[in-house]
Amino acid sequence: MKGYRCSLFILFLFYSSGLFAQKHMQTEILGNTESVTKQNNVLVIKTKEAEARVWVYSPTIIRVNISKVHGTDSSFAVIQKASKSLDYKETAKEIVVNTSALKLRISKSPLRFNFYTADGKALSNDDPRFGVNWQGTRVVNYRKLFADEKFIGLGEKTGDLNRRGSSYVNWNSDVPDHNPKSDPLYETFPFFVGLHSGLTYGLFFDNTHKSYFDFGATTDDTMSWFGADAGDMNYYFFGAQSVAQIIEDYTWLTGRMEMPPLWSLGYQQCRWSYTSAAEVLSVAENFRKDKIPVDVMYCDIDYMDHYKIFTWNKETFPDPKEMIDKLKAMNFHLVTIVDPGIKVEPGYKQYDEGVAKNYFATYPNGEKFVGSVWPGRCHFPDFTRDAVRKWWGASFTALTQPGVEGFWNDMNEPAAWGQDIPWMVKFGNYYMPEIRNAYGMQMARATYEGTKKILGNKRPFVLTRAAYSGTQRYSAVWTGDNSAYDAHMLLGCRMVNSLGITGMSLVGVDIGGFTGDPTPALMVRWNSLGVYTPMFRNHASKGTIYREPWRWGKENEAIIKKDIEQRYRLLPYIYSSYYQSHKTGMPVSRTLAINYTQDTTIFDTKYQNQFLFGDALMVAPVESTKFTEDVYLPKGEWYRLSTDKRYEGDKVVKAQAPLTDLPVFVKAGAIIPMQNVIQSTNEKGDGILEINVWYGKEANNFIYYEDDGSSYDYQKGVYYKRQISFDPAKNAISLSPAEGSFLSKYNKIKLTLHGFKAGIRSVKVNGNALSITDDAVTFENDNKLIRIDF
Ligand code: GLC
């Protein structure tokens, strides 16, 4: 008995001495405010444990950084600087930072950060009990959950549109056989939008370490939390009161995409792999023979010599230039794959140079890290260093000289057999745990900067599998190795839309499913969805059946062809939608949560895959085994694109969905510019811009945009832009005079009205009436003010 008491006493001493706490990671809380100072434009608040800093970036963006050790302040994502001014008031209990749109109320003891609208409505508050705290190096922010709070965003994530009740990890990984629930995947976008009480806010946690987001999944629905394995609690809070404006703010902060090459918006044909130049050419020829529009062919890893990056296999691709010249003569553009792993092989140029210049990742003792990928043992370039990026970028001449125009960056999580690379591996100043999530982005950056330099005034097309916030500045992304089944096709729609929230507009999925064999019905259905996918690429894994349009029988080929033709008809509309992404960050493919945020039905898992494609079209994805579908039409009026049948919104309709006719609806008042079917974006077509307007009760306008589709001249004003307006109150449609110095490739305009009771009464160009005949009128496009009365 005595001995028992004695050991209890010793145990007590052990606990109270803190030894236990040291062994079992103690929680450190932020504590109370000890000092508040303003240093230039930053508010610095010190507690015993840490230091918090607050900056105002714009009236709707406030940054908070809470850290135990303030090191250098750098970001891979953010391209803006804080504003010079910061307005705050301090009382005994709190500090209040004010902007014209936001109020950040910081309670001093304990230190907590609570965001409100300028008129005092709570947007997002720290959990009053826990706020920000640490366990070891792990930093976490616990936040209060509102009863009706929903969450959208986080980029390439599986799961539902509304992320409430789910949790996610960001740790860029190669996940070949992922399913519609797998997490994490290839990309990290630690940005989400919260919706509650009719309010909206956004939060970007800019920390590249392995990070975690929990929207009430593990907290008995009482709190949400996010955190990372190390680094600072460093976030940007967005308080604009619409999802569109939050996206605009987030893409202001992290950058927007450049105008993509027009050819990259056409149909793209890929396979792992077309294994010889002869095969690449014969696939290309077949498209032209069958008159199926297409712009792009790909070469996957087998074009290389033993998978050595920046080489060509001399036997199977003996004369790359000759092959590409032939492709160009058929109006094709070629994209080739590059992986980061450089084969360990003395005598191989990139290996020798990288070793000589010490460009590869190393262990702390300087030894070069070796991981195995396709070529076998590889070293990995340290893309965090400017010199390495320049070297990598310059190596692309091996591909650009024969004429490659697109650069596909794969396996850049980075993937290596066995997955996780040892944590002590160093990339410049970063150890693996800090750089992993940003490595792919830095590779895409090196590729983009290098190829842009080589190609001069020509836009390169860059595609990457791994990414971090801000990647839209350099590259398109696709969602990695999906599978050939219906649930994956629908998941792809949600992923593309979620990536759109996080700034990535040029996004694709492997149409048909990478792994496994699609049924003909799935292939046809998925292809029809591809028409309305920002990047339209058909791709498949080694060992699966071939996916080209003519592999599915004559009848299916005809449907696939008709759908691809529809993509090409829509290109003037699609290109203008990309202009919108370039200017405002608004994605081309949009979850309904952007425009119908307060409509709870759109979050219903039955309708969550529906999306807007540009301003005017709403697409309802349907599984390949179903031929009717319940489609939710949000408030307003809608028309079925294929029939012009009119529907009242705010209800569910049973839509016919044969494989020949994916349910696509047009918003009343919509303005959609189209063109005739062309076989590739190199073709000029018949020179007629077909402007379609669907009648609606509300006025609407559309920014029509055109440029040469391939150079950077648009940045110097060489573009063609005009506003097309529809005004039912004035019974008029008008086209503003053209802006910019580019001459439209369409010398005629054909106007077609849909759902109008009356026909066109008059068309006046700069006040002068034209003679007209019926509902569809064609007139010269002389770039002056045009007014059409109906
Ligand atoms: C990876 C890519 C896939 C590619 C393959 C071979 O699995 O995700 O798209 O085809 O590698 O390069």
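The values are calculated or read from the model by the stated rules, or taken from the named source; none is laboratory data. All values reported here derive from a predicted model rather than from experimental measurement. Every residue, glycine among them, receives a Cβ derived from its backbone with ideal geometry; neighbour counts consider all protein chains shown. Accessible surface areas use protein heavy atoms only, side chains included; no ligands, DNA or RNA. Shrake-Rupley method; radii C 1.70, N 1.55, O 1.52, S 1.80 Å.
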### Task
Taking the options Ser505, Ser528, name whichever one is buried (at least 21 other Cβ atoms within 10 Å of the Cβ), polar (S, T, N, Q) and not in a loop (DSSP other than H, G, I, E, B).
Ser528
### Message
When the residues of segment 737-780 are narrowed to those that are small (Gly, Ala, Ser) and at positive phi, which ends up surrounded by the fewest Cβ atoms within 10 Å (Cβ to Cβ)?
### Response
Gly767
#### Entry: Yes/no for Pro534 being in contact with a Phe, Trp or Tyr (Cβ under 9 Å, 6 or more places away or on another chain) and either surrounded by 21 or more Cβ atoms within 10 Å (Cβ to Cβ) or part of a helix (DSSP H, G or I) (or both)
yes
### Qualifying residue in segment 84-91 (condition: loosely packed, with under 15 Cβ neighbours inside 10 Å, free of Cβ contacts under 8 Å to residues at least 24 places away in the same chain and basic (Lys, Arg))
yes
#### Entry: From Asn482, Asn527, residue being within 16 Å of the ligand (Cβ to nearest atom) and either free of Cβ contacts under 8 Å to residues at least 24 places away in the same chain or in contact with a helix residue (DSSP H, G or I) (Cβ under 7 Å, 6 or more places away or on another chain) (or both)
Asn482
### Task
Return the residue satisfying two criteria in turn: it lies in segment 389-410 and is among the aliphatic types (A, V, I, L, M) and in contact with a Ser or Thr (Cβ under 8 Å, 6 or more places away or on another chain), and of such residues it is most open to solvent (accessible area, probe 1.4 Å).
Ala398
### Query
Limited to segment 668-712, what total is found for residues that are among the hydrophobic types (A, V, I, L, M, F, W, C), part of a strand (DSSP E or B) and either closer than 30 Å to Glu648 by Cα or modelled with pLDDT under 95 (or both)?
9
#### Entry: Residue check, Gly354 more than 16 Å from the ligand (Cβ to nearest atom), within 23 Å of Met411 (Cα to Cα) and not aliphatic (A, V, I, L, M)
yes
## Note on the structure
Taking segment 64-76 and keeping only residues that are open to solvent by 10 Å² or more (accessible area, probe 1.4 Å) and either under 19 Å from Asp126 (Cα atoms) or among the small types (Gly, Ala, Ser) (or both), one is left with Lys68, Gly71, Ser74, Ser75
### Summary
(1) within 16 Å of the ligand (Cβ to nearest atom); (2) out of contact with any helix residue (DSSP H, G or I) (no Cβ under 6 Å at 6 or more places or on another chain) all hold for Leu571 apart from (1)
#### Entry: From Tyr186, Tyr168, residue being of a type in the set (Phe, Trp, Tyr) and without any contact (Cβ under 8 Å) to a residue 60 or more places away in the chain
Tyr168
### Task
Restrict the check to segment 222-245 and report whether at least one residue is more than 27 Å from Asn412 (Cβ to Cβ) and at pLDDT below 95.
yes
#### Entry: Selected residue [surrounded by 16 or more Cβ atoms within 10 Å (Cβ to Cβ), among the charged types (D, E, K, R), farther than 26 Å from Arg459 by Cα and more than 16 Å from the ligand (Cβ to nearest atom)] from Lys343, Lys349, Lys368
Lys368
### Message
Condition first: under 30 Å from Gly153 (Cα atoms), open to solvent by 10 Å² or more (accessible area, probe 1.4 Å) and within 16 Å of the ligand (Cβ to nearest atom). Can you find one or more residues in segment 546-567 that meet it?
### Response
no
### Query
Does Val425 satisfy being aliphatic (A, V, I, L, M) and open to solvent by less than 10 Å² (accessible area, probe 1.4 Å)?
yes
### Query
Can you name the residue in segment 277-310 that is farther than 24 Å from Glu683 by Cβ and away from the ligand (no atom under 16 Å from the Cβ) and is also surrounded by the most Cβ atoms within 10 Å (Cβ to Cβ) among such residues?
Ala277
### Query
So which residues in segment 354-370 are of a type in the set (Val, Ile, Thr) and part of a loop (DSSP other than H, G, I, E, B)?
Val370
### Query
Just for helices (runs of 4 or more DSSP H) wholly inside segment 371-475: which have at least 2 residues that are over 21 Å from the mean Cα position of the chain (by Cα), within 16 Å of the ligand (Cβ to nearest atom) and touching a residue at least 24 places away in the same chain (Cβ under 8 Å)?
none
### Message
Can you tell me which of (1) in a loop (DSSP other than H, G, I, E, B); (2) out of contact with any Pro (no Cβ under 9 Å at 6 or more places or on another chain); (3) more than 24 Å from Ala101 (Cα to Cα) is the one Asn133 doesn't meet?
### Response
(1)
### Task
Filter the strands (runs of 3 or more DSSP E) completely within segment 85-130 down to those with at least 1 residues that are within 32 Å of the chain's Cα centre (by Cα) and under 18 Å from Leu199 (Cα atoms).
102-107, 112-117, 122-125
### Query
Residues Asn313, Asn358: which one is within 30 Å of Met424 (Cα to Cα) and either surrounded by fewer than 19 Cβ atoms within 10 Å (Cβ to Cβ) or not aliphatic (A, V, I, L, M) (or both)?
Asn358
